[in-house]
Amino acid sequence: MKTMFLRTRRIRPESKSGTRKSRLQAIVAALFVLLVASASVYAFGVLKHDPTLTDLRARLLGASALHPFGTDHLGRDVLTRLLLGGGQTLGYSLLALGAALIIGIPFGLIAGYKRGRIDRLFMRVADGFLAFPDTIVAIVLSGLLGAGIGNLVLAIVIVKWVSYARLVRSTVLSESQKDYVAVARTNGLSDARIMSRHLLPHIAGNVLVLASLDLGKIILLISSLSYIGLGAQPPTPEWGAMLNDSRPYFQSRPELMVYPGLAIVSTVLLANMLGDVLRDRFDVKKEAQP
Amino acid sequence: MSRQIAERRDARSAAQLPGAHASIGNSSPVLIVDGLTRTYAGAARPAVQDVGFALGRGECLGLVGESGCGKSTLARCLLKIEEADAGSIVLGGQDIAPLRGRKLRPHRRKIQIVFQNPAAALNPKLRIRDSLLDPYLRLGREAKLSRFAFASREAYVRQLLEAVELPAEIAGRYPHELSGGQRQRVTIARAIGIEPDVVVLDEPTASLDVISQGAVLDLLTELRASLGLSYLFISHDLAAVHRMSQRIMVMRSGQIVDRFGADELFADERHPYTRELISIF
C-alpha cells in the first residue's frame, strides 16, 4: 500500500524532457543559422545588389531569380536589405547591450563590495533610472536630441544598465561575505584585485543569462522605435523601418511587411532560446546536484 | 567560600599583564595581545573585552569557549579582517593594531588563518593551484622562504600539496571536486605556504568527520614542529584543544575567564565555568 502510494507520486525524471527540449532548440537554431548563411551567400555572392540604390522602373517587383524576395517601393532588392538590416538591428542591439554591461557591472561590483554609504548612494541613483520606462525615455530623448539610431541606443543603455548593476550587486553582496574574501584580504589583495579575481567569475553566468534574454527585448525595442520613425533613418536598411516603408503597399504587396516581420520574430525567438539554454547551463541548483 | 576565592584569583590572573604567565614556550613571545576590545555597533556589550595573552614561538595556545563567546571575533581582529576598538596586537615586535593598508601589508605575511568551513574559505571558481598561489604572489615575494622556496609556480604548489599530504594532481581541480578533509588541507597549505610566524586556527576541524579530524590535527601538530609555527587554536572542542595545546585559555562572554597549562586542566582550582565545560565534555 505504502509503496504503491510512493510509486504514483514519483516524479518523472527531469533530464529526459530537458535534453529533448534543448535538442529541439539546437535544431531550430541550426536551421535558422543555415538559412541566414545560405541567403547571405546567395545575396552577396550571386546577386550583389546595392541596398540603397533606388530604381523606380523596377519598383514593387515580384519574386524572380534576380530579386528572390522582389523589390520594394523604391526598387531596392528586399533580400539584400533584409540581410543588411539584420546586421543593423543586431549590431545596434549588441552595442546597446555591451554599453549597458560596461556601465552596470562595475557599478554593481563596487556597490556590493563597498556596502554602506557608497552602496546606498549608488542604488538610489539606480532606482532613479529604473523609474523611467524604456519607450518613454527613447521618445523623450528623440524629442530632445533628434531622432536617430545613436540616440535610440543611448536611451536603451540609460534604461538597461540598472538591471545589470542590481544583479551584480546582489551576487557580490552575498559572495563578499564569505571567508575566502576575508582570506584574500588578509593576503594583501587590493580591493580591485579581489573584485576582478575573486568576485567577477561569480557574476559571469548570471549576467550572460540576463544579457541573452535582454537581447530579444532590445531587438524588439529598436525595431518598434524604428517603425515609428525614432530609430534608423532612411535609407538605412533596418527591419522596423522596412516594415514602416512597406505599410502603404500592404494591400497589393503584403509580403513586403511579412519578410521583415518574420525576420524580427525569428531573431527574437532565437535570442530567447539562447537565453534559455544559457540559463539551464548556469542554473545554480542543477550545478549543485551530483 | 573556596569557590569565591578561586573566582577572585582567576579575575586577578586574567587582569595580569600578558607575558607574566609562566611556561610561555621556549623563547620570547611572537605575538603579544593586550587589552583587545571590539564592540559591534548596536551591541549591548563588547564581543571581545580586554583580552590579553602572549603566544610563545613554537607554542600552541588553546582557546576554548561556547559558540558566540567572541572567539571568532578575536581571530578576525588579530587578522585585521575587523578592526579592534582598543588594545594592541604586537606581532614580531611591531604593534599592528593601528596599521592600515600599505603599512600593514609587510606584517600580513607573519600571521595567517585557517577557517572552520573550508567550503567557504576557498573560492569555488578558482582552481586549487590559484588559491594556493594567492598569498605568495601578494605577500611572499619579499619573504625568504626556507622550506617552500619558490622555483616555479608548479613546483611551489607541488611542495605545498606534498606538505599537507595531498596528491599533486589536485592542483588543477576545483574545490567542489574535493572532500571536506582535502579542502581543509588545502586551506592549511595556503596558510603555511608563506611560512608565517603565527597561524590562527579558527575551529579547523569543526566541519570535518571524526576520522578527518584526527588526521588534520596530527598534520597540524607535525607542521608546527617542522616549520616552527605558533598556533592560536580556537575551538569549542575541549578534547581537541587539550590534545593540541600546551596552554589553554577559557573565554566566556568576550573575556578570558581562566588560563592554565594543559596538564592542569583537571586541577581543583579551575574556574567554575571551566569545570562546567569539562563536565559537558
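The values are calculated or read from the model by the stated rules, or taken from the named source; none is laboratory data. Please read these numbers as outputs of a predicted model, since none were measured by experiment. A quick note on method: Cβ atoms are made from the backbone with ideal geometry, for glycine too, and the neighbour counts reach across all protein chains shown.
Entry remark, region A:71-113: residues being outside any helix (DSSP H, G or I) and in contact with a Phe, Trp or Tyr (Cβ under 9 Å, 6 or more places away or on another chain) number 3 in total. Checked against the criteria, A:ARG253 counts as charged (D, E, K, R), more than 16 Å from A:SER93 (Cβ to Cβ) and in contact with an Asp or Glu (Cβ under 9 Å, 6 or more places away or on another chain).
When every residue of region B:70-83 is checked against the conditions, none turns out to be over 14 Å from the mean Cα position of the chain (by Cα), of a type outside the set (Asp, Glu) and crowded, with 24+ Cβ neighbours inside 10 Å. When each of B:LEU220, B:LEU208, B:LEU178, B:LEU201 is tested for being touching a residue at least 60 places away in the same chain (Cβ under 8 Å) and on the phi < 0 side of the Ramachandran plot, the lone residue that passes is B:LEU201. Would you pick out the residues in region B:51-83 that are within 14 Å of chain A (Cβ to nearest Cβ) and of a type in the set (Val, Ile, Thr)? Scanning region B:51-83 gives B:THR73, B:ILE81. For region B:6-56, residues that are at pLDDT below 50 and among the β-branched types (Val, Ile, Thr) total 1.
Going by the conditions given, is A:ILE228 hydrophobic (A, V, I, L, M, F, W, C), modelled with pLDDT of 85 or more and in contact with a Phe, Trp or Tyr (Cβ under 9 Å, 6 or more places away or on another chain)? No. Of the numbered criteria (1) out of contact with any Pro (no Cβ under 8 Å at 6 or more places or on another chain); (2) crowded, with 21+ Cβ neighbours inside 10 Å; (3) aromatic (Phe, Trp, Tyr), the one A:PHE250 fails is (2).
Tell me, yes or no, whether region A:184-196 has at least one residue that is closer than 25 Å to A:ALA271 by Cβ, of a type in the set (A, V, I, L, M, F, W, C), out of contact with any Cys (no Cβ under 8 Å at 6 or more places or on another chain) and without any contact (Cβ under 8 Å) to a residue 24 or more places away in the chain.
No, region A:184-196 contains no residue that is closer than 25 Å to A:ALA271 by Cβ, of a type in the set (A, V, I, L, M, F, W, C), out of contact with any Cys (no Cβ under 8 Å at 6 or more places or on another chain) and without any contact (Cβ under 8 Å) to a residue 24 or more places away in the chain.
The set of residues in region B:56-105 that are charged (D, E, K, R), part of a helix (DSSP H, G or I) and within 19 Å of A:ARG185 (Cβ to Cβ) comprises B:ARG76, B:ARG102, B:LYS103, B:ARG105. Of all residues in region A:91-136, exactly one satisfies the criterion of being modelled with pLDDT under 85 and crowded, with 16+ Cβ neighbours inside 10 Å, namely A:ASP134. The sole residue among A:SER174, A:SER246 that is within 14 Å of chain B (Cβ to nearest Cβ) and either within 30 Å of A:ALA147 (Cα to Cα) or at pLDDT 90 or above (or both) is A:SER174.
Filter region B:106-156 down to the residues that are part of a helix (DSSP H, G or I), of a type in the set (D, E, K, R) and within 11 Å of chain A (Cβ to nearest Cβ) and list them by number.
Going through region B:106-156, the residues part of a helix (DSSP H, G or I) turn out to be B:106-108, B:118-121, B:128-140, B:153-156.
Retained after the next criterion (residues that are of a type in the set (D, E, K, R)): B:108, B:129-130, B:134, B:138, B:153-154.
Hits for region B:106-156 are B:ARG108, B:ASP130, B:ASP134, B:ARG138.
The condition (being closer than 20 Å to B:ALA121 by Cβ and charged (D, E, K, R)) is satisfied by just one residue among B:GLU222, B:GLU154, B:GLU177, B:GLU162: B:GLU177.
Here A:VAL162, A:VAL181, A:VAL157, A:VAL168 are screened, and the one residue that is modelled with pLDDT of 90 or more, assigned to a helix (DSSP H, G or I) and within 14 Å of chain B (Cβ to nearest Cβ) is A:VAL181. When the residues of region B:84-96 are filtered to those that are crowded, with 19+ Cβ neighbours inside 10 Å, free of Cβ contacts under 8 Å to residues at least 60 places away in the same chain and hydrophobic (A, V, I, L, M, F, W, C), which remaining residue is farthest from the other protein chains (Cβ to nearest Cβ)? It comes out as B:ALA84.
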